[in-house]
Amino acid sequence: MDQLSWMFSLIPDAVITVLVHLTLIAGVVLTILGTFAEKFPFVGTYGKLAKLVGIPLLLIGIFLEGGLATEMRWRAQVAELEIKIKESEAKSTVVNETIRTVIKEKVKVVKEVQVVIQERIVKEKEKIDAECKVAPEAITILNDAARNIKGESK
Amino acid sequence: MKTVSILLSIVLLVGCAATPVKREFPKVPQELMVECPDLKEVAEGTTKLSEVVTTVTVNYGQYHECRLISDAWRDWYKTQKEIFNSVK
């Protein structure tokens, strides 16, 4: 059935609907006409022939009507899903834009705070350096700690 | 009969069921793709505490920026996953 559905999906809705309905109608008409025609002596042979074609057409038509109903329901579901996807994509875009804006604003604030902190250091430089001399070992330890950035062991 | 068999085989073999609806997980904003830079190091040979403090505070600032991006990643993924999973 999957194969049939896939093949159906390649044909436009209107075309497939008309073809399936025509098949069923032709099947019904030929079967009924054939059944009646059989009873008349001159057209009896044609009646048999009409029935011979009509009955398979009728069966195929019924089968295809079922397939068509399934196919149309499937297509409706696909269309509904596509709408939902478009909506979700729009939401995602909005979320991306919001996150982008929030990050920019927050990073800006962090940088502004940094500027203020650096200005305070410059301002208090004399006091900070007045009573403290940093040992070179402390600098080495700090730098080693700073270099150990990606979980690499020393 | 041969022709019918061939046609039937074609019908059965051709139709590989394909999902007609394609979806992609949303793309990450460029702002989240920024890598955290290496930490600043104190100039070797300095004995001034103010220089040490300057470097350390710059690194603190760097940490805060990286933390923002890391938090934003979590928020982004959580929200986008919710949106993505809401489509059924």
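No value in this document is a laboratory result; all are computed from the given coordinates. Just so you know, these numbers come straight off a predicted model, no measurement behind them. Ideal geometry is used to build each Cβ from the backbone, glycine not excepted, and the neighbour counts take in all protein chains shown.
Miscellaneous remarks
- The phi-based Karplus calculation (6.51 cos²θ - 1.76 cosθ + 1.60; θ = phi - 60°) puts the 3J(HN,Hα) values of region B:36-43 at 6, x, 5, 5, 6, 10, 6, 4 Hz, whole numbers, x for Gly and Pro.
- Cross-linked pairs A:K106/A:K127; A:K86/B:K78; A:K106/B:K40; A:K106/B:K88: Cα-Cα separations exceed 27 Å for A:K106/A:K127; A:K106/B:K88.
- Counting 0.36 nm for each residue step from A:K123 to A:I83 and taking away their Cα separation leaves a gain of 8.4 nm.
- When the alpha carbon coordinates of region A:2-147 are projected onto the principal axes, the ranges are 129, 29, 15 Å, largest first.
- Estimated FRET transfer efficiency when R0 is 45 angstrom, pair A:T45-A:A76 (beta carbons, to 0.05): 0.45
- Cα→Cβ-extended label distance, 7 Å offset, between A:I11 and A:F36, nm: 2.9 nm
- Scanning residues 5 or more positions from B:T47 or on other chains, none has an amide H under 5 Å from its amide H, with H placed 1.01 Å from N in the peptide plane.
- Using θ = phi - 60° in the Karplus curve 6.51 cos²θ - 1.76 cosθ + 1.60, the 3J(HN,Hα) couplings for region A:12-27 round to x, 3, 4, 4, 5, 5, 4, 4, 5, 4, 4, 4, 5, 4, 4, x Hz; x is entered for Gly and Pro.
- Cα centroid separation, region A:50-74 to region B:25-88 (Å): 64 Å
- Pair B:T46, B:K88: separation of 7 Å Cα→Cβ label points (nm): 5.8 nm
- ³J(HN,Hα) computed for each position of region A:121-135 - Karplus, 6.51 cos²θ - 1.76 cosθ + 1.60, integer Hz, glycine/proline x: 5, 4, 5, 9, 3, 4, 5, 5, 7, 4, 10, 9, 10, 7, 6
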